[in-house]
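Data first, discussion second: the structure below is written as structure tokens.
The values are calculated or read from the model by the stated rules, or taken from the named source; none is laboratory data. Predicted, not measured: the structure shown is a model, and the values here were computed from it. Positions of Cβ are backbone-derived with ideal geometry, glycine not excepted, and every protein chain shown enters the neighbour counts. SASA here: full protein model, heavy atoms, side chains in, ligands and nucleic acids out. Shrake-Rupley method; radii C 1.70, N 1.55, O 1.52, S 1.80 Å.
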Amino acid sequence: MKIHHEGTNILILLFIVLLAINALVWLFLPPWILPALCSAFSLLVYSFVFNFFRCPNRVYHGDSTDLVVSSVDGRVVAIERVYEPEFLKAEAIMLSVFMSPLNVHANWFPTSGVVNYVRHHNGRFLGAYLPKSSTENERSTIGMTADCGARLTIRQIAGAMARRIVTYAYEGERAQIDAHLGFIKFGSRVDIYLPLDAEILVSMEQTTRGGLTPVARLKPAYNESTTT
């Protein structure tokens with residue numbers, strides 16, 4: 001287990017602040033009961049933030065040609081047919097995974113392929129579990145073409161606590177299924193928009209692990225020249 005580089009500066013700064021507060025409390029607030037409570041609370045806060053920025057090493061060992069894995073750790077909160085107007089510009093199956101503050105918040109590419117589209121949108125900070133957060137909250141949209149030829153959209157969505165979305169993907173990049181797509185700080189959601197003929201491999205409320213849990217299987221996309 002390692003700490004994600006997005007959390008390094010935060011953890012260092014938090015350690016310095018908590019150390020200074022506890023030093024003052026132990027010096028100027030006797031007896032020992034109040035300083036002890038302050039130290040215990042500080043340890044709890046630091047442990048929570050430390051846990052939030054953990055970043056496990058994960059490698060997908062299966063055949064990833066037509067497989068889509070979850071981009072994040074969390075719980076499946078939506079599997080529904082919607083219109084995706086930004087990259088696919090077509091109806092798609094939206095598969096949404098909600099992350100609580102206790103989940104790992106690193107984001108993985110859901111499949112291997114080529115990144116075709118990356119855009120960040122400012123917005124609100126509604127609860128990420130709400131359906132309208134997909135279109136109203138601050139978000140980043142990544143469009144890509146999988147190795148099998150199918151196209152899909154990944155959307156990182158900020159939540160009520162998540163105030164910063166970090167996206168590492170860039171247009172033209174060759175994406176790998178076990179590479180980091182980005183990071184969302186403190187509670188959030190990721191939507192994956194899949195072709196209508198994709199085979200869904202998860203169910204509502206199922207728990208997923210980013211970079212490891214298969215969530216869908218794509219049908220190969222052929223053009224006319226490959227079918228004649």
Going by the conditions given, is residue 61 without any contact (Cβ under 8 Å) to a residue 12 or more places away in the chain, more than 20 Å from residue 221 (Cα to Cα) and either of a type outside the set (Phe, Trp, Tyr) or touching a strand residue (DSSP E or B) at 6+ places or on another chain (Cβ under 6 Å) (or both)? yes
Going through region 206-219 one residue at a time, which ones are part of a loop (DSSP other than H, G, I, E, B) and under 17 Å from the mean Cα position of the chain (by Cα)? 206, 209, 210, 211, 212, 213
What's the number of the condition residue 83 fails, among (1) surrounded by 13 or more Cβ atoms within 10 Å (Cβ to Cβ); (2) of a type in the set (Ser, Thr, Tyr); (3) outside any loop (DSSP other than H, G, I, E, B)? (1)
Region 46-80 - residue that is open to solvent by 70 Å² or more (accessible area, probe 1.4 Å) and assigned to a strand (DSSP E or B) and, of those, farthest from residue 194 (Cα to Cα): 75
Of all residues being closer than 20 Å to residue 12 by Cα and aliphatic (A, V, I, L, M) in region 32-80, which is modelled with the lowest pLDDT? Just the residue, please. 49
Is it fair to say residue 43 is open to solvent by less than 60 Å² (accessible area, probe 1.4 Å) and over 30 Å from residue 145 (Cα atoms)? no
